[in-house]
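In what follows, a single structure is set out as structure tokens and then discussed.
The values are calculated or read from the model by the stated rules, or taken from the named source; none is laboratory data. As the structure is a prediction and not an experimental result, all values here were calculated from the model. Cβ placement follows ideal geometry from the backbone for every residue including glycine, while neighbour counts extend to all protein chains displayed. Protein only, heavy atoms only, side chains kept; ligands, DNA and RNA dropped before computing areas. Shrake-Rupley method; radii C 1.70, N 1.55, O 1.52, S 1.80 Å.
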Amino acid sequence: MTGPSSSSSILHRDLRITPTIIDHAQGNYLYPQSTTTTTTTPGPDAIFDSVGGAAVISVGHNNTEVNAAIIAQLSQVAYIHSGDEFTTEISERLGSYLVSAHSSKGGVERVYFANLGSEANEAALKLCVQYWFEKGHPGKNRFISRDMSYHGNCLGGMSLSGHVARRKPYEGMIDDARFHKVGPCFGFRYRKQGESSKEYTQRLVDELEEKIVEVGPENVAAFFAETVVGATTGCVTATEGYFKGVRAVCDKYDVLLVLDEIMCGSGRTGTFFAWEQEGVVPDITTIGKAISSGYSPLSCVVVSKKLIDGLSSGTSMFNCGHTFQSFALSCAAGYAVQQIVKRDNLLDNVAKMGKYLGQQLLLKVGVIPIVVDVRGRGLFWGIEFGKKDEDNKPFDPELNVARRIGETCMKNGVVVYPGKGTIDGTVGDHIIISPSFTITSEDIDHVVDVVSRSIVEFMDQNL
């Protein structure tokens, strides 16, 4: 439902629109305020949530076990200040679980709990700078990241990001002397004609090395990248060998490797860390979203032994505190979610259903004339639109193709995640599908059917 901005007192993302009010949610379904359908029997007013907000939901909506865990924690202690004086049993339990469950993979020595992904990436920036400060290299305080990336809404994350539209109003506040960019690993759009995947990968690895040399290895603190790129380009996976090459270059020049898995991590791609499928181990990983399934805001900076040893040899402190750091209710939600994921073997379901989702999308959506690419991994898939008969040329941005396809899907009962500026921040359209880890093959059949019909409906009526 849309209307003038005066109908809401909230400063929504778009002042021209009053979003649909969701009265309740259950499992994979959202129920608008006007619905008369019960929570146990989806009806014509129910909306299938195929994106979990923004790849957030992992154990479905309104899970009674997670709700009970939060209520139980609320009856003990909701908030304490996580300074030198206090901690909570639940935050310690979640931290211990994450470290013990994943330390054998390497790169997991300690964890730092924040609330938002933006906060986690901001903390990671500060941790990199402090690490080098403690090691006696205070000049290593510059960063390299990639064009068409997104690392959060805070100023540091925005400076790292290569998302043109989100950066534009704040360019005057961004210090480009300290934040440098290299090209994205986006073979579908940026691999040259006649260039093999191996040659393209090597070109990107060489570009990173050249950038480090240009800025000066003595000045570069870290290289940041999303293991699987999310909102900006729509679930773009790296070419084979890319991250191994990046890891080697970072090691050669003593540069930290930070992998941003806020959107693609916590099991979204079928392994807890997406980097497990790349054959590398980063120095720092940031995760969030699906780790607590949206029941309470939770993000995490996963820190390797190398970083902990660096701090321990200096001040033995991390100079980065938040009022709601290690927030007990969020940790209770996160711990409950992780126990459900483990008990119910949901990562196996992500891998199995992710493969099926990809197959069905390629079979039924990939053949539509305006669909130029279907890509992804696990339960994290993107559909890119363009003119297939004109060498995949993107549509005019004024057409708002992705947004309008998203609106058509919503009208037909499935919510997707639209994105624009897919190719260079200005042109290009895509949608993302990233459902709960609990999804079934029947659910996937429903989503793919509605999405394919909606794309065709939009195409027939508008193009």
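Number of residues in segment 53-70 that are assigned to a loop (DSSP other than H, G, I, E, B) and in contact (Cβ under 8 Å) with a residue 40 or more places away in the chain: the value is 6.
Summed over segment 284-296, residues that are open to solvent by 10 Å² or more (accessible area, probe 1.4 Å) and of a type outside the set (G, A, S) total 2.
For segment 71-115, the tally of residues that are open to solvent by 30 Å² or more (accessible area, probe 1.4 Å), touching a Leu at 6+ places or on another chain (Cβ under 9 Å) and part of a helix (DSSP H, G or I) stands at 1. Quick check: anything in segment 240-247 surrounded by 24 or more Cβ atoms within 10 Å (Cβ to Cβ) and aliphatic (A, V, I, L, M)? There is at least one residue in segment 240-247 that is surrounded by 24 or more Cβ atoms within 10 Å (Cβ to Cβ) and aliphatic (A, V, I, L, M). When G413 is tested against (1) crowded, with 21+ Cβ neighbours inside 10 Å; (2) within 21 Å of T20 (Cβ to Cβ); (3) touching a strand residue (DSSP E or B) at 6+ places or on another chain (Cβ under 8 Å), just one condition goes unmet, and that condition is (1). For L307, state whether it is over 23 Å from the mean Cα position of the chain (by Cα) and crowded, with 23+ Cβ neighbours inside 10 Å. Here the answer is yes, as L307 does meet what is asked.
Quick grid of which residues meet (1) open to solvent by 10 Å² or more (accessible area, probe 1.4 Å); (2) in the same structural domain as N392 (by the TED database); (3) more than 24 Å from V416 (Cα to Cα); (4) among the aliphatic types (A, V, I, L, M):
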residue: F179; (1), (2), (3), (4): yes, no, yes, no
residue: E199; (1), (2), (3), (4): yes, no, yes, no
residue: L208; (1), (2), (3), (4): no, no, yes, yes
residue: G216; (1), (2), (3), (4): no, no, yes, no
residue: E226; (1), (2), (3), (4): yes, no, no, no
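The listed residues are T408, T438, and the only one of them that is in the same structural domain as K352 (by the TED database) and part of a helix (DSSP H, G or I) turns out to be T408.
Of the candidates Q359, Q338, the single residue that is assigned by the TED database to the domain that holds H151 and either open to solvent by 10 Å² or more (accessible area, probe 1.4 Å) or not basic (K, R) (or both) is Q338.
Within this structure, A124 passes the test of being closer than 20 Å to L256 by Cβ and not charged (D, E, K, R).
Strands (runs of 3 or more DSSP E) fully within segment 245-323 that include at least 3 residues being among the β-branched types (V, I, T), in contact with a strand residue (DSSP E or B) (Cβ under 8 Å, 6 or more places away or on another chain) and assigned by the TED database to the domain that holds Y97: 284-287, 299-303.
Report whether or not D260 is at pLDDT 95 or above and crowded, with 24+ Cβ neighbours inside 10 Å. Against the criterion (at pLDDT 95 or above and crowded, with 24+ Cβ neighbours inside 10 Å), D260 qualifies. Hey, any hits in segment 286-300 for a residue that's touching a Phe, Trp or Tyr at 6+ places or on another chain (Cβ under 6 Å) and among the β-branched types (V, I, T)? No, because not a single residue in segment 286-300 is touching a Phe, Trp or Tyr at 6+ places or on another chain (Cβ under 6 Å) and among the β-branched types (V, I, T). For D373, the test of being assigned to a helix (DSSP H, G or I), among the acidic types (D, E) and either outside the structural domain of A114 (by the TED database) or more than 25 Å from S434 (Cβ to Cβ) (or both) is failed.
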